[in-house]
């Protein structure tokens with residue numbers, strides 16, 4: 001005779017079994033077959049089929065016997081959550097969002113292209129992007145598009161920034177402060193003003209670091225939990241490491257109190273191999289990998305595309321594939337509210353997926369100082385799925 005616990009257990013098993021059979025016999029909108037499914041949010045790394053129905057992840061199983069209206073053979077490929085680029089400049093060009101999408105980027109943030117005087121044009125591109133996108137407003141009211149960011153301190157206008165944010169609260173996700181000497185007057189004061197504007201709306205600040213006048217050990221004190229240090233591999237002067245390659249104690253303390261550290265590879269001054277080696281050897285891995293990319297980045301040998309940047313950490317950073325995928329997707333989803341349901345392949349999540357090809361061979365990788373390293377593996381974009389739909393290659 002069954003007691004209550006055994007009865008409930010048998011009923012639950014029967015129900016789950018019934019659901020499994022039902023899942024296997026129903027058809028799906030799209031099935032990705034035979035790829036290595038990697039999802040750090042689920043601690044998943046397994047060869048499996050992945051099924052999509054109604055624009056959401058519907059099933060992951062070793063062998064889905066049901067049929068799909070459309071199917072993709074991903075044998076030998078990696079199936080990962082859609083890549084999330086929290087530092088790009090794709091909104092400077094109407095084609096930018098489409099180009100990065102075909103490289104696997106299913107969500108992005110424009111990091112300070114525009115300030116209060118020219119934010120409307122950038123936000124218009126973000127609104128029309130095929131994938132979710134938001135904008136960081138530059139504390140310099142003319143932004144990167146204009147001249148000098150905040151070399152003229154009058155351009156770091158808190159009230160102008162606050163007014164522009166208030167008009168666009170649905171699309172402004174934070175405030176950007178570029179703190180490099182030559183484009184910034186008093187970098188400490190510029191950051192203080194950026195923090196004033198951001199804190200009024202409870203938004204994060206992202207600081208562009210490297211080659212600043214003020215040491216990072218001082219600038220970091222102005223940051224609050226949830227703020228972001230981008231270009232973390234920029235070399236001295238005033239890097240996150242000293243001249244001996246040791247990470248400043250203030251930087252370690254900042255991570256402990258909730259400051260995020262982002263790659264933003266870019267084209268100039270942002271990544272040098274020896275600084276990269278010092279930081280990675282210390283175990284100070286990036287929270288997020290990003291490109292600092294534009295619509296023209298495919299012609300920039302040091303950038304090319306998001307998977308190329310990921311490959312640098314596979315070859316030279318000592319990071320396992322799961323760690324690289326986490327820094328390229330799930331970790332970024334924790335930074336901005338509009339990305340909260342991204343970066344995962346969990347059942348019921350939006351079906352935003354990057355299918356990547358990992359090739360073995362001899363590949364050149366550049367830092368921002370024309371230094372070349374040769375690696376044995378490189379990731380290439382293969383397919384992008386956005387909201388359950390296959391995206392044509394741009």
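Each value in this text was obtained by applying a stated rule to the coordinates, not by laboratory testing. Computed from a prediction, not measured in an experiment: that's the story for all the values here. Neighbour counts are summed over all protein chains in view; Cβ atoms, including those assigned to glycine, are modelled from backbone coordinates with ideal geometry.
Length available on full extension from residue 256 to residue 189: 0.36 nm per residue minus the Cα-Cα distance, which gives 21.7 nm.
Placing dummy labels 7 Å off each Cα toward the beta-carbon, the span from residue 67 to residue 268 is 5.8 nm. The convex hull drawn around the Cα atoms of the stretch 306-394, when projected onto a plane and averaged over every direction, covers 7.1 nm². Summary of the geometry: the stretch 94-161 and the stretch 199-214, compared by the centres of their Cα atoms, lie 15 Å apart. Under Stokes-Einstein, with the Kirkwood radius over Cα pairs as Rh, the value for the stretch 104-234 at 25 °C and 0.890 mPa s is 171 µm²/s.
Under 17 Å from a point 7 Å along the Cα-to-Cβ line of residue 393: which residues of the stretch 71-111 have their amide N that close? Counting backbone N atoms under 17 Å from the label point, the list is 72-79, 98-105. For the pair residue 282 and residue 299, the difference between a 0.36 nm per residue extended length and the Cα-Cα distance amounts to 2.9 nm.
What length, rounded to one decimal in nm, is gained on full extension from residue 244 through to residue 124, with 0.36 nm per residue of separation minus their alpha-carbon distance? Could the numbers behind the result be given before it?
Details: separation 120, 0.36 × 120 = 43.20 nm, distance 4.54 nm.
Contour length minus Cα-Cα distance gives 38.7 nm.
More than 30 Å apart: what percent of Cα pairs in the chain qualify? Value for the chain: 41 percent of Cα pairs lie more than 30 Å apart.
Residues 284, 313, arranged from fewest to most other Cβ atoms within 10 angstrom of their Cβ, appear as 284, 313.
Work out, in µm²/s and without decimals, the Stokes-Einstein translational diffusion coefficient of the stretch 32-183 at 20 °C, 1.002 mPa s, Rh from Kirkwood over C-alpha pairs.
Working: Rh = 17.6 Å.
Rounded to a whole number, D works out at 122 µm²/s.
Quickly estimate the mean residue ellipticity at 222 nm for the chain, helices only: each DSSP H run with n ≥ 4 gives -39500 (n - 2.57), and the total goes over all residues, rounded to 500.
Details: 11 runs with 107 residues, N = 394.
Calculated at 222 nm, the ellipticity per residue is -8000 deg cm²/dmol.
Here the simple spin-label model places points 7 Å from the Cα toward Cβ, and for residue 75 and residue 224 these points are separated by 5.5 nm.
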